[in-house]
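Participant: Just dropping this structure here.
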Ligand code: 6PG
């Protein structure tokens, strides 16, 4: 079943997401002593990350990963790592060794292989406590883009691939590792996402056209946090 939570706007989405993250972090740390979270990139999560700075999270016990990364250096303006570092990670006491960066500056195949090894070493049972995901207007998520083989990857946990549509290489986690997560939180705001939300929720399963449909946790939960503008193409938002 798909959980959904409609919020008024992007600011309310950041507030609701922050509250859910605090709760999930607290319960994971109480249960295992650690909280393993994969951050999403793009612009939507920026307000959330800024809000998390002041939230009561035991950062010493948090391990931060990424769901995808642009193939650029970590100080590049397009880097998902740089956005999270500037807005959040440079402002909280997360240990340096707990920040597991996808290395966008190296050869994509090598970076993907290295990250998979890191996940197999540092992510118990390959299971994230939480994965944050965004949704593109074309229904992509992470860097699983329409028409790319990444959408159908069943073995590797991380791949580097050339995204024809963008004309760039991207690093991305794949459905096998994403769908092992205990919780997946989609953060979707803005009218430009309304068509994609409707397609992912209402169209028959067709991941080549609607990649976000591949997100189906094996035994975890998916929650969609959607603002009114992004939900505007749904008559009702009941799942
Ligand atoms: C990225 C993201 C990507 C993003 C969506 C939505 O690297 O860009 O991982 O999947 O979540 O494109 O991006 P916005 O939040 O900027 O709309």
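Participant: Residue check: is residue 198 without any contact (Cβ under 8 Å) to a residue 60 or more places away in the chain and crowded, with 17+ Cβ neighbours inside 10 Å?
Facilitator: Details: without any contact (Cβ under 8 Å) to a residue 60 or more places away in the chain: yes; crowded, with 17+ Cβ neighbours inside 10 Å: yes.
In short, yes.
Participant: Select, from 208, 192, 219, the only residue that is under 26 Å from residue 109 (Cα atoms) and either over 16 Å from the mean Cα position of the chain (by Cα) or part of a loop (DSSP other than H, G, I, E, B) (or both).
Facilitator: Of 208, 192, 219, the one residue that is under 26 Å from residue 109 (Cα atoms) and either over 16 Å from the mean Cα position of the chain (by Cα) or part of a loop (DSSP other than H, G, I, E, B) (or both) is 208.
Participant: So, one more: Give the range 195-205 a look and list any residue that's in a helix (DSSP H, G or I) and touching a helix residue (DSSP H, G or I) at 6+ places or on another chain (Cβ under 8 Å), or say none.
Facilitator: Within the range 195-205, the first condition is being in a helix (DSSP H, G or I), and the residues that meet it are 195-202.
Matches in the range 195-205: 196, 200.
Participant: Can you give me the number of residues within the range 111-144 that are surrounded by fewer than 22 Cβ atoms within 10 Å (Cβ to Cβ) and away from the ligand (no atom under 16 Å from the Cβ)?
Facilitator: Total satisfying the criteria: 14.
Participant: Let me ask something else. Residue check, residue 169 against (1) near the ligand (Cβ under 10 Å from one of its atoms); (2) in a strand (DSSP E or B), all met but one. Which one?
Facilitator: Single failed check for residue 169: (1).
Participant: Looking at 238, 230, which one is within 12 Å of the ligand (Cβ to nearest atom), over 16 Å from the mean Cα position of the chain (by Cα) and either in a loop (DSSP other than H, G, I, E, B) or modelled with pLDDT of 95 or more (or both)?
Facilitator: Among 238, 230, only 230 is within 12 Å of the ligand (Cβ to nearest atom), over 16 Å from the mean Cα position of the chain (by Cα) and either in a loop (DSSP other than H, G, I, E, B) or modelled with pLDDT of 95 or more (or both).
Participant: Pairs, please: C-beta under 8 Å, at least 6 apart or cross-chain, first residue surrounded by fewer than 16 Cβ atoms within 10 Å (Cβ to Cβ) and in the range 19-41, second at pLDDT below 95?
Facilitator: Every condition considered, the pairs that remain are 32/124.
Participant: To continue, here is another question. Report those helices (runs of 4 or more DSSP H) wholly inside the range 1-110 carrying at least 2 residues which are over 25 Å from residue 201 (Cβ atoms) and more than 16 Å from the ligand (Cβ to nearest atom). Walk me through how you get there before you give the answer.
Facilitator: Values: elements: 10-32, 45-52, 80-84.
Because the criterion is at least 2 residues that are over 25 Å from residue 201 (Cβ atoms) and more than 16 Å from the ligand (Cβ to nearest atom), the helices (runs of 4 or more DSSP H) in the range 1-110 that meet it are 10-32.
Participant: Determine whether the range 172-179 contains at least one residue that is in a strand (DSSP E or B), within 12 Å of the ligand (Cβ to nearest atom) and touching a helix residue (DSSP H, G or I) at 6+ places or on another chain (Cβ under 7 Å). Before the answer, list the steps.
Facilitator: Let us first name the residues in the range 172-179 that are in a strand (DSSP E or B), namely 172-173.
Checking the rest, the ones that are also within 12 Å of the ligand (Cβ to nearest atom) come to 172-173.
Going one step further and asking which of them are touching a helix residue (DSSP H, G or I) at 6+ places or on another chain (Cβ under 7 Å), we end up with 172.
Within the range 172-179, one or more residues are in a strand (DSSP E or B), within 12 Å of the ligand (Cβ to nearest atom) and touching a helix residue (DSSP H, G or I) at 6+ places or on another chain (Cβ under 7 Å).
Participant: So, one more: Let me confirm something: among 147, 160, which residue is part of a strand (DSSP E or B) and more than 12 Å from the ligand (Cβ to nearest atom)?
Facilitator: 160
Participant: Can you name every residue in the range 180-189 that is buried (at least 20 other Cβ atoms within 10 Å of the Cβ) and assigned to a loop (DSSP other than H, G, I, E, B)?
Facilitator: 181, 189
Participant: So is residue 62 within 20 Å of residue 90 (Cβ to Cβ) and touching a strand residue (DSSP E or B) at 6+ places or on another chain (Cβ under 8 Å) or not?
Facilitator: Taking the combined requirement at face value, the residue satisfies it.
The values are calculated or read from the model by the stated rules, or taken from the named source; none is laboratory data. Here the structure is a predicted model, which means the values were calculated and not measured. Ideal geometry is used to build each Cβ from the backbone, glycine not excepted, and the neighbour counts take in all protein chains shown.
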